[in-house]
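Below: one structure, written as structure tokens.
The values are calculated or read from the model by the stated rules, or taken from the named source; none is laboratory data. On a predicted model such as this, the values are computed, not experimentally measured, just so you know. Heads up, the Cβs are rebuilt from the backbone with ideal geometry, glycines too, and the neighbour counts pull from every protein chain shown. Side chains are part of the model used for accessible areas, which takes the heavy atoms of the whole protein and leaves out ligands, DNA and RNA. Shrake-Rupley method; radii C 1.70, N 1.55, O 1.52, S 1.80 Å.
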Amino acid sequence: MDKIFNAITVEEKKSGEFFQSIKEKNTHHLPEGDLLIRVKYSSLNYKDSLSYSGNKGVTKKYPHTPGIDAMGVIEVSKTKKFNEGDKVIVTGYDLGMNTPGGFGEYISVPKSWVTLLPNNLDDNESMILGTAGITAGLCINAILEKHKIKGKKAVVTGSTGGVGCIAVMLLANLGARVTAITGKINSKDFLHSIGAKEVLSRNDYLNSIKKPMSKGTWDMAIDVAGGEMLAGLIASMKYGGTITSCGIVDSPSFASSVFPFILRGISLVGIDSAEVSINKKAEIWNNFANHWKLDGIENISKNVDMRGMMKEINTILEGKQIGRIVLKHK
């Protein structure tokens with residue numbers, strides 16, 4: 001039976017401008033999928049803000065509902081893999097990009113995008129993590145393939161954002177000595193409270209770097225910035241250090257040298273959380289539900305309704321977001 005529901009909707013005017021509002025939708029108009037899911041929670045990611053703003057590199061056709069993350073309950077299942085009533089998580093793939101996303105109260109998706117919510121992870125907690133948590137978790141896995149983490153020196157850029165603050169918490173939980181680099185120097189107390197031993201100003205750090213090689217400082221790095229920041233990290237890793245690159249907050253381009261790679265044997269590992277296999281995502285979710293469990297994770301998040309989410313999108317576009325924003329549907 002068709003259902004009427006509310007969704008944050010972005011429309012394109014003939015003038016080329018974009019207009020955002022909360023509109024009533026009908027599940028009949030959702031794409032054909034194996035599963036109809038009533039969304040309970042979603043969360044805000046930078047990609048959502050781009051879709052919301054009319055970025056055709058993210059979303060090709062409008063009207064559209066953003067939201068690359070969703071946690072909810074299956075109401076209709078056309079597959080034996082999942083049952084009606086199952087609690088599930090969907091992150092990435094095409095959700096919220098060209099497929100109506102979690103900023104609506106219902107989504108319709110293929111079974112290959114969906115994984116069960118682990119027993120030891122609650123509904124809200126899963127979306128505090130969301131794509132940001134999956135990304136941070138994939139970075140940690142890539143580092144663990146090359147290093148032990150306990151007792152090592154780690155650095156996280158963009159540390160007040162979603163990926164950054166979860167990475168700080170997780171690295172600290174696993175026993176690393178974490179340095180957080182941020183452009184929001186007033187957030188020092190926040191970063192110390194979630195596990196950072198040291199907080200550096202972005203500008204002060206960049207001014208201290210000597211290229212092509214600076215003093216070897218860190219064993220591992222999680223970088224969401226790219227650009228000049230990534231170039232600085234490459235110059236300042238210890239011998240055998242590993243950098244995971246998962247964002248372009250600063251710039252998609254960077255200028256560097258081969259010297260740190262061939263003289264210090266460092267590694268630069270690219271991380272993608274959107275198209276990674278559903279089995280790998282399930283593994284990360286189960287890690288967060290068990291040996292990666294983050295006590296106090298609710299302290300880095302704020303719950304909002306649809307109108308509140310629309311305000312928060314403007315905050316992330318202005319580069320002022322701290323922590324995670326979770327959309328709670330009625």
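Working only within the range 34-52, note down all residues that are in a strand (DSSP E or B), open to solvent by 10 Å² or more (accessible area, probe 1.4 Å), in contact with a helix residue (DSSP H, G or I) (Cβ under 9 Å, 6 or more places away or on another chain) and of a type outside the set (A, V, I, L, M, F, W, C).
From the range 34-52, those in a strand (DSSP E or B) are 35-43; that's our starting set.
Cutting the leftovers down to open to solvent by 10 Å² or more (accessible area, probe 1.4 Å) gives us 36, 38, 40-41.
Imposing the further condition that a residue be in contact with a helix residue (DSSP H, G or I) (Cβ under 9 Å, 6 or more places away or on another chain) reduces the set to 36, 40-41.
Those that are in a strand (DSSP E or B), open to solvent by 10 Å² or more (accessible area, probe 1.4 Å), in contact with a helix residue (DSSP H, G or I) (Cβ under 9 Å, 6 or more places away or on another chain) and of a type outside the set (A, V, I, L, M, F, W, C): K40, Y41.
Report yes if S245 is in contact with a Gly (Cβ under 9 Å, 6 or more places away or on another chain) and in contact (Cβ under 8 Å) with a residue 60 or more places away in the chain, otherwise no. Write out each step before concluding.
Values: in contact with a Gly (Cβ under 9 Å, 6 or more places away or on another chain): yes; in contact (Cβ under 8 Å) with a residue 60 or more places away in the chain: no.
Spelling it out, it is not the case that S245 is in contact with a Gly (Cβ under 9 Å, 6 or more places away or on another chain) and in contact (Cβ under 8 Å) with a residue 60 or more places away in the chain.
Residues checked against (1) within 18 Å of A132 (Cα to Cα); (2) open to solvent by less than 10 Å² (accessible area, probe 1.4 Å); (3) at pLDDT below 95:
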site: K13; (1), (2), (3): no, no, yes
site: K25; (1), (2), (3): no, no, no
site: G57; (1), (2), (3): no, no, yes
site: P66; (1), (2), (3): yes, yes, no
site: D69; (1), (2), (3): yes, yes, no
site: V73; (1), (2), (3): no, no, no
site: N83; (1), (2), (3): no, no, no
Enumeration of residues in the range 168-181 that are of a type outside the set (V, I, T) and in contact with a Gly (Cβ under 9 Å, 6 or more places away or on another chain):
M169, L170, L171, A172, N173, G175, A176, R177, A180
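Go through the range 233-255 and give me each residue that's in contact with a Lys or Arg (Cβ under 8 Å, 6 or more places away or on another chain) and at negative phi.
Those that are in contact with a Lys or Arg (Cβ under 8 Å, 6 or more places away or on another chain) and at negative phi: A235, S236, M237, K238, Y239, G241, T242.
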Scanning the range 143-201 residue by residue, the ones that are under 19 Å from T131 (Cα atoms) and either charged (D, E, K, R) or surrounded by fewer than 20 Cβ atoms within 10 Å (Cβ to Cβ) (or both) total 0
Within the range 248-292, considering residues that are closer than 25 Å to M237 by Cβ and touching a Phe, Trp or Tyr at 6+ places or on another chain (Cβ under 7 Å), the one surrounded by the most Cβ atoms within 10 Å (Cβ to Cβ):
R264
Which residue is nearest to S208 (Cα to Cα), if the candidates are limited to the range 222-247 and must be in a strand (DSSP E or B) and open to solvent by 10 Å² or more (accessible area, probe 1.4 Å)?
K238
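Confirm whether K311 is within 20 Å of G96 (Cβ to Cβ), free of Cβ contacts under 8 Å to residues at least 40 places away in the same chain and not in a loop (DSSP other than H, G, I, E, B).
Numbers: within 20 Å of G96 (Cβ to Cβ): yes; free of Cβ contacts under 8 Å to residues at least 40 places away in the same chain: yes; not in a loop (DSSP other than H, G, I, E, B): yes.
Spelling it out, K311 is indeed within 20 Å of G96 (Cβ to Cβ), free of Cβ contacts under 8 Å to residues at least 40 places away in the same chain and not in a loop (DSSP other than H, G, I, E, B).
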Please go through the range 221-253 and give me each residue that is farther than 17 Å from N203 by Cβ and more than 19 Å from the chain's Cα centre (by Cα), ordered by number.
I234, M237, K238, Y239, G240, G241, T242, S253
Could you grab me the full set of residues in the range 167-188 that are modelled with pLDDT of 95 or more, under 26 Å from S49 (Cβ atoms) and out of contact with any strand residue (DSSP E or B) (no Cβ under 8 Å at 6 or more places or on another chain)?
M169, L170
The range 248-259, residues that are farther than 20 Å from V224 by Cβ and not in a loop (DSSP other than H, G, I, E, B):
F259
